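So the structure is just underneath, and the comments pick up after that.
The values are calculated or read from the model by the stated rules, or taken from the named source; none is laboratory data. Quick caveat: nothing in here was measured; it's all calculated off a predicted structure. We place every Cβ from the backbone using ideal geometry, glycine too, and count neighbours over all the protein chains shown.
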Ligand SMILES: [Zn+2]
């Protein structure tokens, strides 16, 4: 487990998605990993000093030129890079389709508290522990403390309504839903928004013991409205532009919040393995005795950072 001293400065990451954004900040550092044990991240992470205590780490999940479709984003490599940077918490910005009458696209915000993952699991690795059996609870996929803080910042700044809670359906994409699918997500999954990237990103952030939550920008009404126009890329970009300035204001407010408040997050995200690593079911010490020195070296290099390897 990392010590408080090792975590300085407080690093707060924002993973950006489809919404175009000009941060208007001066770059202070750049963290580039050509590879991780999970492959190459989407792009280098860029650091910006927000105030004396807080550094913002920015990462575009779709990479340079927005060339990575949701199926091709290296979710595990991105989370590993942020973990190696000692990132404390992650705010995920997500352009989403709206599934509820009560939400106004282009104006309201959504901070979901659940996900329903309908992505193609074979295409998207679901764990940072493919070599061992590690079973972590994903019952609540988002950090409650982050959600509270983001809600507080967003409520003070958003002119629309900030919807706190609800299920975020995640589909494989990259195309949008059929009308029948969209109605099913409303009626069967009781979902509030639909997107294509939140999982497995949220699950992997939990495994990395990083506080994580989503701020969703509803950009369209998907295709469930009988008399409505189905979502188009043009409509989505038009609405997403309306959120540009607001999302930046929320990021600044959060940086102030993190700088002023030195109390630790009141949640269990940093202890997901349990006090005695109960989530780790593999007898790693026993297994290592059967490995070649090369294989043991590979496993130690990959998993040392999680604090699960025997001495
Ligand atoms: Zn947390």
- Message: For the list (1) surrounded by fewer than 22 Cβ atoms within 10 Å (Cβ to Cβ); (2) touching a residue at least 24 places away in the same chain (Cβ under 8 Å); (3) out of contact with any strand residue (DSSP E or B) (no Cβ under 8 Å at 6 or more places or on another chain); (4) more than 15 Å from residue 216 (Cβ to Cβ), I need the number of the one condition that residue 75 fails.
- Response: (1)
- Query: Residue check: is residue 33 over 23 Å from residue 301 (Cβ atoms), surrounded by 14 or more Cβ atoms within 10 Å (Cβ to Cβ) and at pLDDT below 90?
  - Reply: no
- All-but-one check, residue 230 against (1) within 21 Å of the chain's Cα centre (by Cα); (2) farther than 14 Å from residue 145 by Cβ; (3) surrounded by 14 or more Cβ atoms within 10 Å (Cβ to Cβ), failing number (1)
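How about segment 107-123: which of its residues are out of contact with any strand residue (DSSP E or B) (no Cβ under 7 Å at 6 or more places or on another chain) and at pLDDT 95 or above? Explain how you work it out, then say what you get.
The initial filter retains those residues of segment 107-123 that are out of contact with any strand residue (DSSP E or B) (no Cβ under 7 Å at 6 or more places or on another chain), namely 107, 113, 120-123.
The answer is 107, 113.
Give segment 164-199 a look and list any residue that's farther than 17 Å from residue 122 by Cα and part of a loop (DSSP other than H, G, I, E, B), or say none. Give the steps one after another, and end with the answer.
Our first condition is that a residue be farther than 17 Å from residue 122 by Cα; within segment 164-199, this holds for 164-169, 175-195.
Within segment 164-199, 165, 166, 175, 176, 177, 178, 188, 189, 190 qualify.
For residue 121, are the conditions met, namely being within 16 Å of the ligand (Cβ to nearest atom), more than 17 Å from residue 217 (Cβ to Cβ), surrounded by fewer than 21 Cβ atoms within 10 Å (Cβ to Cβ) and in the same structural domain as residue 269 (by TED's automatic domain parsing)?
No: the conditions fail for residue 121.
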- Look through segment 249-267, keep the residues that are surrounded by 15 or more Cβ atoms within 10 Å (Cβ to Cβ) and within 16 Å of the ligand (Cβ to nearest atom), and return whichever of them is farthest from residue 48 (Cα to Cα). 267
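Check 212, 243 and return the single one that is buried (at least 24 other Cβ atoms within 10 Å of the Cβ), touching a residue at least 40 places away in the same chain (Cβ under 8 Å) and within 16 Å of the ligand (Cβ to nearest atom). Explain how you work it out, then say what you get.
Numbers: 243 fails: within 16 Å of the ligand (Cβ to nearest atom).
Only one candidate qualifies: 212.
Can you tell me which of 141, 105, 112 is touching a residue at least 60 places away in the same chain (Cβ under 8 Å), within 16 Å of the ligand (Cβ to nearest atom) and over 26 Å from residue 280 (Cβ atoms)?
On the way: 141 fails: over 26 Å from residue 280 (Cβ atoms); 105 fails: within 16 Å of the ligand (Cβ to nearest atom).
When all the criteria are applied, what remains is 112.
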- Task: Please enumerate the residues belonging to segment 144-157 that are surrounded by fewer than 19 Cβ atoms within 10 Å (Cβ to Cβ) and either more than 23 Å from residue 270 (Cα to Cα) or more than 16 Å from the ligand (Cβ to nearest atom) (or both).
- Result: 155, 156, 157
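When you check residue 173 against the structure, is it under 22 Å from residue 79 (Cβ atoms) and surrounded by fewer than 21 Cβ atoms within 10 Å (Cβ to Cβ), yes or no? Can you show your working first?
Values: under 22 Å from residue 79 (Cβ atoms): yes; surrounded by fewer than 21 Cβ atoms within 10 Å (Cβ to Cβ): yes.
Considered against the rule, which asks whether it is under 22 Å from residue 79 (Cβ atoms) and surrounded by fewer than 21 Cβ atoms within 10 Å (Cβ to Cβ), residue 173 comes out as yes.
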